[in-house]
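Let me begin by presenting the structure, written as structure tokens, before commenting on it.
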Amino acid sequence: MANAQLKKEIVAYSKHIGIDKIGFASVDPFLTLKNRLVQQQKLNYQSGFEKGTMEERTNPKIHLQEAKTIIAIALAYPSKMKNARRSVKGERRGLFCRASWGEDYHKILRKKLERLEQFVLANYPEEKCLSMVDTGELSDRAVAERAGIGWSGKNCAIITPEFGSYVYLGEMITTLAIEPDVPLEDQCGSCNKCVEACPTGALVQGGQLDAKKCIAFLTQTKDMLPEQYRKKIGNRLYGCDTCQVVCPKNKGKDFHHHPEMEPDPEIVKPKLLPLLAISNREFKEQFGAIAGSWRGKKPIQRNAIIALAHFKETAALPALHELLWKDPRPVIRGTAAWAIGEIAGAGSREQLEAAKKREKDTIVLKEIEKALESVKNG
């Protein structure tokens, strides 16, 4: 069968199963990416969540030796929430980023890629396919860029002309030989809004990210959050959308093509106070289906405490006092101490003084000392 006809069939089937955009790329090593990754490592800018060796991340043929093509896909996700709940005094709410709205996108993309694989193998049973989504070794963004899905923006996201950067990406390595698509030209131009708006300065310059400073990374860590970032977090429980929201290419982009991506406002913009006492079972029942739950409840609880301090929510003080006294996790006790110092309500000094006498953990003790200073000077 002619290469062009084969490509046409795959594109048509992708539209039939609800894939919003598809592109085709060569399996040549990603040498530009490799050089960038080497530089990232030298500067210690990587997050630590990356999977695979340098070769595994940049050489597709390591994963499928006979590979000839990479098929890249993109699914558009919503940027606006219907019936969003208001955060009001006494019932403050946190926020999960847009990439955590609806069902876990890894599952959604895998289902699409599985159907695409089944189509290919049903028609060409002698061929081989290997799919990856986010947690695979290959860089979804590098593949999507090469396949003409979009260009790599200064915010380090793939920006598509049709859907902006509000897209999930995945890819399938295959032994099918298909004519590659042409990459798009960079369209960011002189715009630097994302770099200027980044709350922590994680976007060092256009296209270069210090992942360890990125709020999307920081909200997923499990240790004490460095003090210089706590007030930058705001009410974010997971992820950060600032560099996408300010992007002119995302203006007016809001697509609701996939019902499973629609957010439940009570899940992605939950009340903060109930999170402080949520059990493991309750957490899994309420949040287990979304991408933002993958690190468990501890980072979300820590971030909820920080968010309550951001709001100066005095109604949270009894719960924070309880955590400081009884929670077995030093990170939660330490963060609670800091938050009490930030809110500085009635009885806070006495609670902190009492907790100081019984606390054994040195990190928590330091947070209590700083909180006492805040209360005294507040």
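The values are calculated or read from the model by the stated rules, or taken from the named source; none is laboratory data. Note that this is a predicted model, so its numbers are computed, not measured. Positions of Cβ are backbone-derived with ideal geometry, glycine not excepted, and every protein chain shown enters the neighbour counts.
A few comments on the model shown:
- Scanning segment 308-354 for residues that are modelled with pLDDT of 95 or more, part of a loop (DSSP other than H, G, I, E, B) and touching a helix residue (DSSP H, G or I) at 6+ places or on another chain (Cβ under 6 Å) yields Lys312, Asp327.
- Pairs, first assigned to a helix (DSSP H, G or I) in segment 218-233, second of a type outside the set (Ser, Thr, Tyr), C-beta under 6 Å, six or more apart: Tyr229/Leu218; Arg230/Ile306; Lys232/Pro199; Ile233/Ile306
- Selected residue (criterion: nearest to Val88 (Cα to Cα)) from residues of segment 313-341 that are of a type outside the set (A, V, I, L, M, F, W, C) and surrounded by fewer than 20 Cβ atoms within 10 Å (Cβ to Cβ): Thr314
- Filtered residues of segment 355-365 (kept if outside any helix (DSSP H, G or I) and surrounded by 15 or more Cβ atoms within 10 Å (Cβ to Cβ)): Glu359
A quick yes/no check of all residues on (1) more than 22 Å from Gly18 (Cα to Cα); (2) surrounded by fewer than 22 Cβ atoms within 10 Å (Cβ to Cβ):
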site: Ile73; (1), (2): no, no
site: Gly94; (1), (2): yes, no
site: Leu109; (1), (2): no, no
site: Tyr124; (1), (2): no, yes
site: Lys128; (1), (2): yes, yes
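Each row is one residue, and each column tells you yes or no for (1) of a type in the set (Phe, Trp, Tyr); (2) touching a helix residue (DSSP H, G or I) at 6+ places or on another chain (Cβ under 8 Å); (3) at pLDDT below 95; (4) surrounded by 15 or more Cβ atoms within 10 Å (Cβ to Cβ).
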position: Gly201; (1), (2), (3), (4): no, yes, no, no
position: Gln205; (1), (2), (3), (4): no, yes, yes, no
position: Met224; (1), (2), (3), (4): no, yes, no, yes
position: Asn235; (1), (2), (3), (4): no, yes, no, yes
position: Gly239; (1), (2), (3), (4): no, yes, no, yes
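- Scanning segment 179-217 for residues that are among the small types (Gly, Ala, Ser) and in a helix (DSSP H, G or I), we see that the one that is nearest to the chain's Cα centre (by Cα) is Ala216.
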